[in-house]
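Below: the structure, in structure tokens.
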2 protein chains.
Amino acid sequence: MTPAVTWDDVCAARERIAPYAHRTPVLTSSAVDRLCRARVAFKCENFQKTGSFKFRGALNAVSSLAEEERARGVYAHSSGNHAQALALAAEVHGIPAHIVMPEDSSPTKVEATRDYGAHITFCPATHSGRWEVAERVGRETGAAFVHPHDDPRVIAGQGTAVAELIDDAGVPDMILAPVGGGGLLSGTLIAAKRLAPHALVIGCEPAGADDAYRSLQEGRRITDFTPHTIADGLRTPLGENTFAILRECVDRILLVSETEILDAMRMIWERMKIVIEPSSAVAVAPLLRGNAVAEGKRVGVILSGGNVDLSRFFAALEGRHVPSV
Amino acid sequence: MTPAVTWDDVCAARERIAPYAHRTPVLTSSAVDRLCRARVAFKCENFQKTGSFKFRGALNAVSSLAEEERARGVYAHSSGNHAQALALAAEVHGIPAHIVMPEDSSPTKVEATRDYGAHITFCPATHSGRWEVAERVGRETGAAFVHPHDDPRVIAGQGTAVAELIDDAGVPDMILAPVGGGGLLSGTLIAAKRLAPHALVIGCEPAGADDAYRSLQEGRRITDFTPHTIADGLRTPLGENTFAILRECVDRILLVSETEILDAMRMIWERMKIVIEPSSAVAVAPLLRGNAVAEGKRVGVILSGGNVDLSRFFAALEGRHVPSV
């Protein structure tokens, strides 16, 4: 079988996205290293434009459009980071983006997507509702569909993050990335197998949305499940392409609990003073376990994004008693 | 009158602290620039060791001790960032630190200070209680006192932050720093007057703790007031040295409201994905005003620290309903 995505695709993606995407920093922390008993290099995609790695894939997809496709633009359905990523990718290329968002999307995310100039159509907050409305939008606009994680151009784009990480921090012994739909992990696998062939590449998944773990175990793609996790970016099933790439390449999937996710997220906020979203913390959580999977190793971690709803925190601060001294 | 701190002192501080302190990054954000209608370079002291610029001053003070003083160590009273800063500064130099902390200090800060190996003595949470206990600790230990903001060695150390900012980001038109006890602003003034003599240097102060503003207006140091502000690092009065330096050098003090502080803090967290404490946000707030004080200008902002109590936020997250999709 011809692989859906190759190393050459990742290289081409790097060139395409370079003019518009941030080359995000790689951060380290001696405090975190002590806690994890490892040397950890964090690739900070929370600092990427639109606040997540999703911009890489969306941008590569838009940059790859044929000339005749550009005028009709792109479309997708997403309530989350892919919506903003595709909207901005279309904006920088001066083409239209049509985004289908569930009625119950957070107003902040709708606003941000609209700010990037996207046309928004709301849909029922159900799986079938999303697809029906998305198909209608596609038919009416003639726009090109950009799947959030199974589009090979998207997968190739996501692979550019780990390529930069290895360029900047050297070849690690182990690479951790979160897995939801599998786009980031698939891209990471394609690039890492070339740039760090001896590194263990581990997908990290919430136990409350363990479809990738079970899909690999059962040898068939599990798509019918009800996720229960705070990691809102990781509630979707694998796609066909990402499932095939994971089956072929991934070394291990580790499951983490909700408590582990929150503990890891808090540890990063407190020790590194950066804002990461729960989905990012999923790839940090295994490092904090007693049976340190990474002890003494050089570890690369992809911090996938930093889009967190801060309303509650600031509401609490505004209402708080301000003590006098 | 001989100035308490000179440019040469700042240069000497840079050399002393270089082996131990982080050279923190300078970050920029096109989203923030659009909102502020200016080109803003942020000096990220939230990434400094112990989470704030205070480590610079404390480290310079400890590094400046005479050989015969070292064995008896240092002491201070602080419920906040100076406690951790002095504790770590003493630890890296292998000397004892005695820290007097109010009984009602946050357990996190007490723990962090103890983790750096400091001897902690609790005191009543009153101004006089602090000083009484601190004087006793000083008498009993023979340790050297390091004032959190009025010690000339501390002021010189704090001046190193803006020196690095100008080295890395070029000479700005305007520099904003928060003012509480005035150590950071004084050091910033000494360094900026040499490195960026034409830059306007502005102290930013909570309206709920406007003693620096009023002290300069009235020409006498106001020390008797009851602060009401969330910016817990800025609730203290100016010292004698810092008052003298501000009188001589500062271009302006701008007052900001509590709402402006929270809005600025949230803007930085959301747009830049970094954790800053309310005291840092005080120096960002003036940039978000309609009557943009900085419009079109190159602005340097000292983000003083990132030590925020995240308990409420994570308590809210843990209790929150985790939706299924």
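List the relative contact order of chain A as a percent without decimals, with contacts defined as Cα pairs under 8 Å and 6+ residues apart.
Working: 684 pairs, mean separation 69.8, N = 325.
Taking the mean separation of contacting Cα pairs over the length of chain A, I get 21 percent.
Given R0 = 60 Å, the distance between the Cβ atoms of B:GLU248 and B:ALA316 translates into a calculated FRET efficiency of 0.80.
Arranged from fewest to most other beta-carbon atoms within 10 Å of their beta carbon, B:MET267, A:MET265 become B:MET267, A:MET265. For B:THR28 and B:GLN217, the difference between the fully extended length at 0.36 nm per residue and the C-alpha to C-alpha distance is 64.6 nm.
Tell me the net charge near A:ARG14. Cut-off is 12 Å between Cβ atoms, A:ARG14 excluded, with +1 for each Lys or Arg and -1 for each Asp or Glu. Write out the running numbers ahead of the final one.
Values: positive: A:ARG16, A:ARG23, A:ARG56; negative: A:ASP8, A:ASP9, A:GLU15, A:GLU164, A:ASP167.
Combined, the nearby Lys, Arg, Asp and Glu give -2.
Equivalent ellipsoid of the protein assembly as shown: semi-axes from √(5λ) of the C-alpha gyration tensor, largest first, are 47, 27, 22 Å. When each of A:TYR75, A:TYR213 is scored by the number of other beta-carbon atoms lying within 10 Å, the sequence from fewest to most is A:TYR213, A:TYR75.
When chain A is turned onto chain B, the axis of that turn runs closest to one Cβ of chain A, and that residue with its distance in whole Å is A:PHE313, 2. Residues of the range B:226-241 with amide nitrogen under 14 Å from the 7 Å Cα-to-Cβ point of B:TRP131? Correct set: B:237-240.
Taking a threshold of 31 Å on the Cα-Cα distance, which of the pairs A:LYS54/B:LYS54; A:LYS109/B:LYS49; A:LYS49/B:LYS49; A:LYS49/A:LYS193; A:LYS297/B:LYS273 fall above it? Checking Cα-Cα distances, A:LYS54/B:LYS54; A:LYS109/B:LYS49 exceed 31 Å. Spin-label model, B:GLU69 to B:ASP8: label points 7 Å out along the Cα-to-beta-carbon direction sit 1.8 nm apart.
Per-residue ellipticity at 222 nm from helix content only, as computed over the protein assembly as shown with -39500 (n - 2.57) for each DSSP H run of at least four residues, stands at -13000 deg cm²/dmol.
Ordered by the number of other Cβ atoms lying within 10 Å of each residue's own Cβ, fewest first, A:VAL282, A:VAL74, B:VAL133 fall into the sequence B:VAL133, A:VAL74, A:VAL282.
Computed from the coordinates by the stated procedures, all read-outs in this text should not be read as laboratory data. Note that the structure is a prediction, hence the values are computed from the model and not measured. Backbone-built Cβ (ideal geometry, glycine too); neighbour counts: all protein chains shown.
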